[in-house]
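What follows is a single structure, written as structure tokens, with notes after it.
Where a number appears in this text, it was derived from the coordinates with a stated rule and is not lab data. Because the structure is a prediction, the values reported are computed rather than measured. Here Cβ is always computed from backbone atoms with ideal geometry, including for glycine, and neighbour counts include all displayed protein chains.
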Amino acid sequence: MRKRYLMTPGPTPVPSEVLLAQARPMIHHRTDEFSNILAQVIEDLKYVFQTKNDVAVFASSGTGAMESAVSNLFSAGDKVIVTSNGKFGDRFVQIAEAYGLEVKKLEYEWDTVVDPKDVGDELAKDAGIKGVFVTQSETSTGVLNDVKAVGEIVKNHQAILVVDSITGIGAVDLKTDEWGLDVVMTGSQKGLMLPPGLAAVSISDKAWEAASRSSLPKFYFSYKKAIDSINKAQPTTPFTPPVSLIVGLSEALKMMRDEGLEGMIERHSMLAEATRRGLESMGIKLFAPSNGRGSAVTPAWVPDGIDGKALVKKMKEEQGITIAGGQDRLSGKVFRIGHLGYFDRFDILTTLAGLEMTLVELGYDFEPGSGVRAAEETFLNK
Ligand SMILES: *Cc1c(COP(=O)(O)O)cnc(C)c1O
């Protein structure tokens with residue numbers, strides 16, 4: 001028997017309370033019972049998104065919600081700015097181009113943050129720009145971009161600000177209304193502590209105005225269809241919803257409300273700090289820059305002389321601990337420890353211990369125990 005630990009930034013572990021809620025007998029979605037659950041879920045999502053804007057849910061992974069922002073808000077030929085310092089920024093470029101938008105890509109090295117000033121400069125150069133896309137928490141690199149600063153710039157322009165907070169929400173602060181974020185999205189298998197398959201999006205009044213001008217084709221992901229259904233006397237969804245995921249989400253949101261946003265953000269920040277200090281004490285270099293480290297995932301450079309893919313594989317097969325490897329150009333070069341969602345201190349200590357044991361066996365020269373000790377000290381000092 002090997003006990004298993006899922007230490008990735010999506011999918012993330014699902015609490016037993018949520019698993020059990022999802023195992024309840026199926027209910028029909030056109031009933032008062034389901035409507036009441038959905039209404040509560042939407043209200044609780046607004047709490048987590050820190051918004052009074054409309055919030056819709058879709059049966060899709062996070063990418064479906066990203067695509068919905070493009071198809072609902074824009075028309076073919078519209079000029080948009082997409083900032084990219086990682087794999088998920090690149091995905092917004094691909095989606096926008098697939099829909100025929102004219103993309104001005106603001107590209108950054110993957111170990112640097114997006115500079116909000118560049119967005120301001122581009123907007124000042126061309127008053128015709130219709131949208132700005134930013135990834136708050138770049139899961140491929142662990143970099144946290146300053147969407148608040150971008151919001152302050154974009155709010156003075158006609159452009160709509162679209163924020164991928166898929167690994168931001170639940171781990172770091174995200175004030176949708178206060179920061180002027182027009183469309184924000186997250187996915188169920190990240191901070192919401194659910195299995196994959198559900199996405200949520202918030203839509204501001206400014207975004208609704210843009211939506212009314214949009215001529216791109218949309219049907220399943222139509223914001224209008226989704227919100228018209230939620231606003232009915234008996235709130236519902238236009239198509240059959242993933243009933244069990246929504247029932248599970250109501251339980252997860254209850255847990256999030258109990259902890260409170262502030263507590264949740266603090267816990268993630270503590271777990272991230274302990275992970276970083278643990279790794280650095282083992283002589284391992286962190287990937288993300290010190291001026292932009294998120295709390296969802298900690299990527300680090302694979303030590304010299306160690307095979308990165310073998311490290312991840314060995315930890316999974318021999319220790320039962322699944323961490324993530326590097327994506328795209330970072331494949332084999334970095335490894336990533338997720339701590340987004342249902343995580344606590346001992347998940348971090350377990351993972352660091354497993355990493356140390358694996359590295360000892362792979363012949364890495366360091367002081368075994370140093371990572372666990374540094375993480376323990378972080379927790380003891382809180
Ligand atoms: C996971 C993730 C996505 C969406 O990925 P899906 O696999 O479609 O859920 C998008 N952006 C970020 C930052 C992510 O972490």
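For this structure, a couple of remarks:
- Size descriptors for region 1-157 (Cα atoms only): Rg and Dmax, in that order, 19.2, 62 Å.
- Dividing the Cα radius of gyration of region 1-91 by its Kirkwood radius returns 1.05 for Rg/Rh.
- Neighbour-count order for Thr240, Thr176, fewest beta carbons within 10 angstrom listed first: Thr240, Thr176
- Residue among Phe221, Ile81, Pro9 farthest towards the positive dipole end of the chain, charges placed on Cβ: Phe221
- With contributions of -39500 (n - 2.57) from each DSSP H run of at least four residues, the per-residue ellipticity at 222 nm computed over the chain stands at -13000 deg cm²/dmol.
- Extending 7 Å from the Cα toward the beta-carbon at both Phe239 and Glu317 defines two label points whose distance is 4.0 nm.
- Positive dipole terminus of the chain, leading residue within Gly260, Gly120, Leu380 (C-beta point charges): Gly260
- Remark on region 16-258: ratio of C-alpha radius of gyration to 2.2 N^0.38 Å is 0.98.
- The calculated FRET efficiency for Glu152 paired with Glu259, based on their beta-carbon distance and R0 = 30 Å, is about 0.55.
- 0 to 90° range, to nearest 10: angle between helix 370-380 axis and the chain longest Cα axis: 60
- Highest-MSF residue in the chain out of Leu174, Leu362, Leu349 [GNM, Cα springs under 10 Å]: Leu362
- Close amide H contacts of Glu102 (hydrogens built in the peptide plane, cut-off under 5 Å, sequence separation of 5 or more or a different chain): Gly77, Asp78, Lys79, Val80.
- Fraction of alpha-carbon pairs over 16 Å apart in region 258-315 - percent: 53
- Nitroxide proxy distance, nm - points 7 Å out along Cα→Cβ at Arg213 and Ala23: 5.2
- Model label sites at Glu367 and Lys52, defined 7 Å from Cα along the beta-carbon direction, differ in position by 5.6 nm.
- Share, in percent, of DSSP beta bridges within the chain that are antiparallel, nearest 5: 50
- 3J(HN,Hα) couplings calculated from phi for region 154-162 with the Karplus curve 6.51 cos²θ - 1.76 cosθ + 1.60 (θ = phi - 60°) are, in sequence order, 5, 5, 8, 10, 6, 4, 8, 9, 10 Hz; Gly and Pro show x.
- Cα shape, region 224-270, gyration tensor, a/c 1.5 rule: prolate
- Given R0 = 41 Å, the distance between the Cβ atoms of Asp344 and Ala39 translates into a calculated FRET efficiency of 0.85.
- Two-site FRET efficiency, Arg4 against Asp126, from Cβ-Cβ distance with R₀ of 41 Å, rounded to 0.05: 0.20
- Extension reserve of the Val360-Lys285 stretch, reckoned as 0.36 nm per residue once the Cα distance is removed: 25.3 nm
- HN-Hα J in Hz across region 38-43 - Karplus 6.51, -1.76, 1.60, θ = phi - 60°, x for Gly and Pro: 4, 4, 5, 4, 5, 5
- Between region 260-294 and region 52-99, the Cα center-to-center distance that results, in Å: 28
- Label zone at Glu266 (point 7 Å along Cα-to-Cβ), backbone N below 17 Å, region 343-362: 343-345
- Largest to smallest principal axis extent of the C-alpha atoms in region 253-360, angstrom: 45, 32, 27
- Share, in percent, of DSSP beta bridges within region 4-154 that are antiparallel, nearest 5: 20
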